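Heads up: the structure comes next, in structure tokens.
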Amino acid sequence: MYAILMKKVLYNNGIVIYNPIRVIKGEIQDGNFISSDNKFYFYADDEYFIKRDEKECVAYVQSKEELLTAYATKNINQALEFFKEDVFSCLNICIFNSETGDYDLIEMPVEDARDLLTVYNGSMESNYQISGVIPIPPNISMEEIVNSIESILKPNLPSEKKETVQNKETVTYKQSESIKADVKNDFRRDIDTEELEAYLKERIIGQDRQIEQLVTVIAENYKTKNPHLILRPLLIGPSGVGKTETLKLLAEYLKVPFTRYSTPTLSASGYKGNDINDLLALAYQNAGKKIKECEESLIFLDEIDKIASRGRDVSDVAVQNLLLNFLDGSTYDVNVSLNQSVRIDTSFMNIVMGGAFEELFKAKDKHLGFVSTQDKMKTITPIDIINYGFIAEFVGRASPKIVYNNLSKEDLKTIMTEGKLSPLLLKQQFYQETYNVNLKYDESYVNEILTHVTSNNTGARELSEIVLTSLLDVSRTLQQKSNQGKYSEVLINKEILSDNKVYTLKKR
């Protein structure tokens, strides 16, 4: 593939002029243009690129066959010369409204440009003023250019007349009364929070209030265009209460990439281990190697409590400091292969942190005596987290702090017998759909599992392991070709938990 390397030569509150530089060779990978020297380039008409700081991009991407056909030649070098000549004869201008996200592209012959028009030049009473210069060829009237700009800016123009003078000529800009700004649509992503909350509550049991808080934060993070309004929530709670599962389901529902990263593997400069580059390279891979999707992905920094400085390793504080810029929103040049790097901005990433903080709750036990576990969890304060081993700057960025409940035996039973993600109910459905066999269990089976999980305090995570392990021999039997269509029902009770060969099959 061949393309024209372009460069932004002007960017003034909405006006971008692209200047062609040279022809480059490359290939399209995952919808992106990668040059032969392994550099990544956005396309010039990519709305996402228009908003970014990068200066170079590509346009007019053509295959060898397309070029040879277009210029009626069998010589690719000759075709490339014609190709370059054509593109270099035009000036490419993009007019972009940074508030509404609308943009328009205008292509003008360079040789026809006769003078420079200062557009608006600060005369417009709007937070998104246009101020810049555009070459105007004689065969395109000033009115046509103004109308093109006005069509993009109409939602922001004041209703009264504003005038600008160029060479003693007056041009009037007027907003159509039929077009009004739709403030409600001025966000990056619209989320039905009621529907999302209902979806999560059907699948995550015992955390209704926590789900409501988290959905509120995530939804507003995706709506806002202001990076200063982005929050980085901290999920606190023991293993197996649904922290990771909530986030996985959130990403699934919102159709955004999800990356779970073990925070203790990070290290600061001078220490052995991974760094932010490794984290972002993984997020980039999980986003299908697409920068836009990566920058709007959901990142879960798991086991965040394990980078607390507990007087054991000074590198823990170094990692906390390393994460400050990442949480604030910074741009990183990320090495994604041996010879390729991409620029990734974390400003609008939905970054969520989570950890068990077990020792914090043990400390609470000593101070709060017979107060219930749930009440102890609700009393966790920023000072508690600082005392746990986190620097104040880090704790300030981890907001809000959402404390997940311990799961009661009743919660676990609901998960097992009613939850949308119940491993037992999902296995029932699988046997019915795959083998046309009905899986039946008695109360002793469920009660035995609940007794084991609650005594070990392992939460919902172990439910799946116990259920699926106990049914291994059942699955093996039903898989055998000689048994297919032979049985209609399998009956299990608590005995299968100690010996998974103990179950009853009912023939058709």
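The values are calculated or read from the model by the stated rules, or taken from the named source; none is laboratory data. Everything numeric in this text was worked out from a predicted model, so none of it was measured. Note that each Cβ is placed from the backbone with ideal geometry, even for glycine, and that neighbours are counted across all protein chains shown. The accessibility values were calculated without ligands, DNA or RNA, using every heavy atom of the protein model including side chains. Shrake-Rupley method; radii C 1.70, N 1.55, O 1.52, S 1.80 Å.
Summary table below
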read-out	value
Qualifying residue in the stretch 259-281 (condition: out of contact with any Leu (no Cβ under 9 Å at 6 or more places or on another chain), part of a strand (DSSP E or B) and of a type outside the set (D, E, K, R))	no
Residue list for the stretch 281-292, restricted to those being closer than 21 Å to LEU323 by Cα and of a type outside the set (A, V, I, L, M)	TYR284, GLN285, ASN286
Selected residue [hydrophobic (A, V, I, L, M, F, W, C) and under 12 Å from ALA3 (Cα atoms)] from ILE50, ILE34	ILE34
The stretch 314-333, subset in contact with an Asp or Glu (Cβ under 9 Å, 6 or more places away or on another chain) and among the hydroxyl-bearing types (Ser, Thr, Tyr), residue most open to solvent (accessible area, probe 1.4 Å)	THR331
Listing of strands (runs of 3 or more DSSP E) fully contained in the stretch 334-416 that carry 2 or more residues being at pLDDT below 90 and in contact with a Phe, Trp or Tyr (Cβ under 9 Å, 6 or more places away or on another chain)	340-345
Helices (runs of 4 or more DSSP H) lying entirely in the stretch 460-499 (those with 3 or more residues that are open to solvent by less than 70 Å² (accessible area, probe 1.4 Å) and either of a type outside the set (Gly, Ala, Ser) or at pLDDT 95 or above (or both))	461-470, 472-479
Test result for LEU439, in contact (Cβ under 8 Å) with a residue 24 or more places away in the chain, surrounded by 18 or more Cβ atoms within 10 Å (Cβ to Cβ), touching a helix residue (DSSP H, G or I) at 6+ places or on another chain (Cβ under 8 Å) and over 29 Å from SER408 (Cα atoms)	no
Condition met for ASN77 (over 26 Å from the mean Cα position of the chain (by Cα) and either over 30 Å from ARG188 (Cα atoms) or in a loop (DSSP other than H, G, I, E, B) (or both))	yes
Complete set of residues in the stretch 205-223 that are at negative phi, open to solvent by 10 Å² or more (accessible area, probe 1.4 Å) and either without any contact (Cβ under 8 Å) to a residue 60 or more places away in the chain or assigned to a loop (DSSP other than H, G, I, E, B) (or both)	ILE205, ASP208, ARG209, GLU212, THR216, GLU220, LYS223
Residue list for the stretch 42-63, restricted to those being outside any loop (DSSP other than H, G, I, E, B) and under 16 Å from ARG22 (Cα atoms)	PHE42, TYR43, GLU56, CYS57, VAL58, ALA59, TYR60, VAL61, GLN62
Selection from the stretch 444-459 of residues that are farther than 13 Å from LYS413 by Cα and open to solvent by less than 70 Å² (accessible area, probe 1.4 Å)	THR458
Any chance TYR261 is among the aromatic types (Phe, Trp, Tyr), out of contact with any Cys (no Cβ under 6 Å at 6 or more places or on another chain) and touching a residue at least 12 places away in the same chain (Cβ under 8 Å)	yes
Cβ pairs under 7 Å, 6+ apart, first in the stretch 49-69 and on the phi > 0 side of the Ramachandran plot, second at pLDDT 90 or above	TYR60/ALA3
Residue that is nearest to the chain's Cα centre (by Cα) [pool: residues in the stretch 22-42 that are on the phi < 0 side of the Ramachandran plot and at pLDDT below 85]	ASN32
Residue within the stretch 451-466 that is over 18 Å from ASP499 (Cβ atoms) and over 39 Å from the mean Cα position of the chain (by Cα) present	no
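Here is a yes/no grid of residues against (1) within 24 Å of GLU197 (Cα to Cα); (2) crowded, with 20+ Cβ neighbours inside 10 Å; (3) more than 17 Å from the chain's Cα centre (by Cα):
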site: LYS225; (1), (2), (3): yes, no, no
site: LEU229; (1), (2), (3): yes, no, no
site: LEU249; (1), (2), (3): yes, yes, no
site: LYS255; (1), (2), (3): yes, no, no
site: ARG260; (1), (2), (3): yes, no, no
site: THR265; (1), (2), (3): no, no, yes
site: ASP275; (1), (2), (3): no, no, yes
site: ALA281; (1), (2), (3): no, yes, no
